[in-house]
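The structure under discussion appears below in the form of structure tokens.
The values are calculated or read from the model by the stated rules, or taken from the named source; none is laboratory data. Everything numeric here is computed off the predicted structure, so don't read it as measured data. As a convention, Cβ positions derive from the backbone with ideal geometry for all residues, glycine included, and neighbour counts pool all protein chains shown. The area values use the complete protein model at the heavy-atom level, side chains included, leaving out ligands, DNA and RNA. Shrake-Rupley method; radii C 1.70, N 1.55, O 1.52, S 1.80 Å.
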Amino acid sequence: MQYHKDKYKSILKLWTAWIYSTGPLILLLLLSLWINTLYIPFVALGLELALFACVRYNRKKPEPGCYLLPFIVKRILFWSAVVMFVINGLHMHWIEHHIFDAETGNADYPYITILVIGPIGTLISYVSLYRHKKLSFCLDCKMRHGTPAERGYLGILFTQEGQFQNAFIGLISLAITVVTWGYYFIAYDNSYFSRHDEFFYVIVPVTLWSLSAIYLAVRYVGIWAYYRQRSDEHQMQNGLTTTLRYMLIWDNYVGLLEPSEDPDSVISVRNVYDTPTLIQIRYRQKVSRDDYRHYFSALTHIEHADIRFLYSTLVGNPEGNLFHYIAYLTDAEKEEIDRRYKHVKWCTLREVSELINNKEMAPLFSAEFIRLYTIAMAWKTYTPDGKRRYRIRNYIPTFRIRDIKKWDVDYNDIRWLDVARNNQDLPLFRMRRFWRKYVSGASE
């Protein structure tokens, strides 16, 4: 119980994530006042490696959280260091006079740190915002911990705040870029580093960072107070819960409960399709085979149904955990479902896909079916290490709902989700894996 209550403290960690993520950028800026520009890129790489280790360590924890900002700042530091190395290389004495004007150049100040960090921070932040759901780091997080819908309203909050922090640092970087580069073109004199230069290139960025820290502290204390109250109310009313969800499969169809059509009904209105067979029980860490079969029988009045475990969502949801199953129905069992649930629609694969794409499907069922489809297709196409099972490039196997029962694949194994995104059909897939594991920190 205390473990789940403590999960709300991770909302406050969004603020600490802002401090220890953006702090290295400010530290690098301050160190540039005393350290020679020749060594600044090495300092940037050192700070990048520290953030890399921090991201890898924190992402293994079961507590909910979002580490998108440290990942983005890590990229900012890395590419800033690369640009600084290039500029230092161009200012080597044996090539400098071929590129730069000796009368206007200053070998002591080949670059100003904030003039490098600002534009790169803006570019990386807005590219990450544009990619959003396709960003490898976010995809890997969903693969490990489940979709926001599976992690409950706290998971949705972290997803939203991760994107907010990304946009916020992009906005600050853009403002700093406009101010510092505007001053550079209008009033900067590179003969020496004056007090005016120090004001625009150091004090202004540090001041903006300090104000942002105060603003975010107020923001997250308010959010924490709201969700802590909601958590206490939920604990008093329901306690922690375990949710069991059963996907109904009959022949080549999936059974879905249609949206409720009566907005005046005293029963809560459903505006999306979802499985008709789900149940919430008191929290438990594990659900035995006899238990999940018993609860399905209580829901449907069907004895001895063919039910198989799909996967579980055990962490990240402060209200409890989820267990997902598939129930394979015979013709007689399908008729019993139709009698018991009056508004069940039996959908083909194409119809299910259309409902998901049109946002007419419950987010949890969408997550379940997409996971099932993705893992099944990866399992049929590739080996666990990402190599093609057949010597046919971009081979796409068939997927039929009626065949799901025949497949011996572990849908709880997240390695197949990684194989689906990183496999031999992608160019340079071994190099991509190396980059994601040892450079970007987006994968293990």
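Just so you know, the averaged projected area of the alpha carbon convex hull for the stretch 326-444 sits at 9.3 nm². Filter K133/K406; K9/K286; K133/K405 down to the pairs with a C-alpha to C-alpha distance above 28 Å, please. From the list (K133/K406; K9/K286; K133/K405), the Cα-Cα distance tops 28 Å for K133/K406; K133/K405. In µm²/s, what is D for the chain at 20 °C and 1.002 mPa s, where D = kT/(6 pi eta Rh) by Stokes-Einstein and Rh is the Kirkwood radius from Cα pairs? Calculated translational D: 85 µm²/s. How big, in percent, is the set of alpha carbon pairs in the stretch 108-183 lying more than 16 Å apart? Value for the stretch 108-183: 58 percent of Cα pairs lie more than 16 Å apart.
Given a 1.4 angstrom probe, I'd like the percentage of the accessible area of the chain that is carbon and sulfur, rounded to a whole number.
That fraction is 59 percent.
Bridge orientation summary for the chain: considering DSSP beta bridges with both residues in this region, about 65 percent are antiparallel.
At a Förster distance of 41 Å, what's the computed FRET efficiency of D331 paired with L49, Cβ-Cβ distance as r, to 0.05?
For D331 and L49, the calculated efficiency is 0.10.
Determine, from the Cβ-Cβ distance of R228 and T16 and an R0 of 25 Å, the FRET efficiency 1/(1 + (r/R0)^6), rounded to the nearest 0.05. According to the calculation, E is roughly 0.90.
Contact order for the chain, expressed relative to its length and based on alpha carbon pairs under 8 Å spaced 6+ residues apart, stands at 17 percent.
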